[in-house]
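The structure appears below as structure tokens.
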Amino acid sequence: MNKNDSKDKNKKISIKHRPVAREDIFSDKDKEPQVSKNLYLTPKKKKLPPWLLPLIIIAVLLLGVFVLLPSLLTDSNDENPSATEQPQATEPVIPLAGVGDRAVLKRSSALVFTRADKTSPHITELLLNESVLITDTAQKDWLGVELEDGLSGYVERSALTADTSSLSLDDDVVMKLVIRDPFKRVMSHARGGTLLLEAPMGTILYADYHNSGLVRVKLPEGKLGWMNTQGVFLLNVNEDLPVPDDFQKSFIFTAIAFENAAYIPGGQTRNGISTAGVVRLSALLNGLELPRTAGQLMEVGEKVEFPKTSAQPAIKFLRPGDLVFFHEKADDQSLDLMALCLTEERLLLSLNNKATIQIIDFDSVTAEELSERIMVARRLNESSQ
């Protein structure tokens, strides 16, 4: 055994005890044990922003100026009306149209119906500033009218005015205008402004001022409007458009521009037109005044005679500018449609099953079928009225 081992055995092992907490002899046993209390923070009081009070003061002042003060002034003025009484601008008094009176169209255009009913057939169409004679005022929303060429029908009452001052040739009228563009914009001011209306092709207006490519025109109900002179014929007050030397060529050239225009029975504007309307407007812009309807056009010009023994279809004998009229398939006494001969090979017409003005060839199936239904053909000249 090792000496060191014997020494270790002789050593005593001492156990150290952990000190035990002793009861505090100085504490008062009768007292309740102290419990920690929660800590409460008092919330900070909110203050109004410094800019709010001045804003409230300004709002109160504005309320007084714009609300309270005017009411006080009104009360005081009621006691003395003459202190604030101002002359009021009055609208021009427009007379009511009666039977036998003349009226003027104040819209761009208006259809003329056979009866006082929009579902009835169209006879024709009036253009801005056209004059009519009143024949019937018994209908609430309609007026019976007679046109310058003797046609009669019904027009919406709201489209007409009894103020015919726009047709008056007073000393202030400086020129006559005929619109040759499809539509001409009429503005409220010389350099822009708002659009008052659009004057369709063929409209006749009178101007009381002309300068630097601008004219001021007289409109129905005493109104005035402005337009530039592009697309407008400028004439002396009592002057008519001259007939060009080569009337037929110019007449046909004008009519061709209506190809694919929307078709409306009796229509007289580019928004919707009939073959008779194309013929009338094309002639008007070339100095020749013609009737409005196909039935009336059957009586103008010279009758075209067709060879009775020719093997060729009658349509082959038409000349440029001729008007040709076709009867219905089942009734050779009833007019079905009309056409304008453009060249020795082509016709311009509005077919009943088409929505636009068409140009067809003489050799087409349609033209050959129509050739069998010719009622009459008329040849226009410079004296055709």
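Could you list, in sequence order, the residues of region 242-266 that are closer than 17 Å to residue 178 by Cβ and either β-branched (Val, Ile, Thr) or under 23 Å from the mean Cα position of the chain (by Cα) (or both)?
Those that are closer than 17 Å to residue 178 by Cβ and either β-branched (Val, Ile, Thr) or under 23 Å from the mean Cα position of the chain (by Cα) (or both): 243, 254, 257.
Look at residue 140 and say whether it is more than 25 Å from the chain's Cα centre (by Cα) and not assigned by TED's automatic domain parsing to the domain that holds residue 210. Full working, then the answer.
Working: more than 25 Å from the chain's Cα centre (by Cα): yes; not assigned by TED's automatic domain parsing to the domain that holds residue 210: yes.
Judged against the criteria, residue 140 is a match.
Considering every residue within region 205-213, establish whether at least one is surrounded by fewer than 19 Cβ atoms within 10 Å (Cβ to Cβ), on the phi > 0 side of the Ramachandran plot and under 22 Å from the mean Cα position of the chain (by Cα).
no
Can you find, within region 158-181, the residue that is surrounded by the fewest Cβ atoms within 10 Å (Cβ to Cβ) among those that are in a loop (DSSP other than H, G, I, E, B) and under 26 Å from the mean Cα position of the chain (by Cα)?
Residue satisfying both the conditions and the ranking: 181.
Go through region 242-269 and count every residue that is assigned to a loop (DSSP other than H, G, I, E, B) and either in contact with a strand residue (DSSP E or B) (Cβ under 7 Å, 6 or more places away or on another chain) or buried (at least 20 other Cβ atoms within 10 Å of the Cβ) (or both). Before you say what the answer is, go through the steps one by one.
The initial filter retains those residues of region 242-269 that are assigned to a loop (DSSP other than H, G, I, E, B), namely 242-246, 257-261, 264-267.
Subset that is either in contact with a strand residue (DSSP E or B) (Cβ under 7 Å, 6 or more places away or on another chain) or buried (at least 20 other Cβ atoms within 10 Å of the Cβ) (or both): 258-261, 264-267.
Selection size over region 242-269: 8.
Test of understanding: among 273, 256, 264, which residue is touching a His at 6+ places or on another chain (Cβ under 8 Å) and closer than 26 Å to residue 127 by Cα?
264
Select from region 146-160 the residues that are closer than 13 Å to residue 118 by Cα and touching a residue at least 24 places away in the same chain (Cβ under 8 Å) and list them in ascending order.
Once the filter is applied, which keeps residues that are closer than 13 Å to residue 118 by Cα and touching a residue at least 24 places away in the same chain (Cβ under 8 Å), region 146-160 yields 153, 154, 155, 156.
State yes or no: is residue 354 assigned to a loop (DSSP other than H, G, I, E, B), among the basic types (Lys, Arg) and modelled with pLDDT under 95? Break it down into steps so the answer makes sense when it comes.
Numbers: assigned to a loop (DSSP other than H, G, I, E, B): yes; among the basic types (Lys, Arg): yes; modelled with pLDDT under 95: yes.
So residue 354 passes the test.
Tell me, please, whether a residue that is more than 26 Å from residue 114 (Cβ to Cβ), of a type in the set (S, T, N, Q), assigned to a strand (DSSP E or B) and over 21 Å from the mean Cα position of the chain (by Cα) can be found in region 219-241.
no
Do we have residue 133 as more than 21 Å from residue 177 (Cα to Cα) and assigned to a strand (DSSP E or B) here?
Judged against the criteria, residue 133 is a match.
Among the residues of region 373-385, is there at least one that is of a type in the set (Ser, Thr, Tyr), out of contact with any strand residue (DSSP E or B) (no Cβ under 9 Å at 6 or more places or on another chain), surrounded by fewer than 17 Cβ atoms within 10 Å (Cβ to Cβ) and at pLDDT 90 or above?
So far as region 373-385 goes, no, none of its residues is of a type in the set (Ser, Thr, Tyr), out of contact with any strand residue (DSSP E or B) (no Cβ under 9 Å at 6 or more places or on another chain), surrounded by fewer than 17 Cβ atoms within 10 Å (Cβ to Cβ) and at pLDDT 90 or above.
Give just the number: which of (1) under 26 Å from residue 228 (Cβ atoms); (2) modelled with pLDDT of 95 or more does residue 172 not satisfy?
(2)
Evaluate the following for residue 305: is it free of Cβ contacts under 8 Å to residues at least 40 places away in the same chain, out of contact with any strand residue (DSSP E or B) (no Cβ under 7 Å at 6 or more places or on another chain) and closer than 20 Å to residue 381 by Cβ?
Answer is yes for this residue.
If we scan region 314-325, do we find a residue that is surrounded by 18 or more Cβ atoms within 10 Å (Cβ to Cβ), of a type in the set (Phe, Trp, Tyr) and touching an Asp or Glu at 6+ places or on another chain (Cβ under 8 Å)?
So far as region 314-325 goes, no, none of its residues is surrounded by 18 or more Cβ atoms within 10 Å (Cβ to Cβ), of a type in the set (Phe, Trp, Tyr) and touching an Asp or Glu at 6+ places or on another chain (Cβ under 8 Å).
Which of (1) more than 30 Å from residue 181 (Cα to Cα); (2) crowded, with 19+ Cβ neighbours inside 10 Å; (3) hydroxyl-bearing (Ser, Thr, Tyr) is the odd one out, the single condition residue 366 does not satisfy?
Among (1) more than 30 Å from residue 181 (Cα to Cα); (2) crowded, with 19+ Cβ neighbours inside 10 Å; (3) hydroxyl-bearing (Ser, Thr, Tyr), the lone unmet condition for residue 366 is (2).
Taking only region 192-218 into account, find how many residues are in contact with a Leu (Cβ under 8 Å, 6 or more places away or on another chain) and assigned to a strand (DSSP E or B). Give the steps one after another, and end with the answer.
Residues of region 192-218 in contact with a Leu (Cβ under 8 Å, 6 or more places away or on another chain): 196-197, 199-208, 210, 215-218.
Next cut, assigned to a strand (DSSP E or B) only: 196-197, 199-200, 204-208, 210, 215-218.
Selection size over region 192-218: 14.
Within region 305-315, identify whether any single residue is assigned to a loop (DSSP other than H, G, I, E, B) and either at pLDDT 95 or above or among the hydrophobic types (A, V, I, L, M, F, W, C) (or both), and answer yes or no.
Yes: one or more hits.
The values are calculated or read from the model by the stated rules, or taken from the named source; none is laboratory data. Keep in mind that what you see is a predicted model, and the values were worked out from it rather than measured. Positions of Cβ are generated from backbone atoms using ideal geometry, with glycine treated the same way; all protein chains shown enter the neighbour counts.
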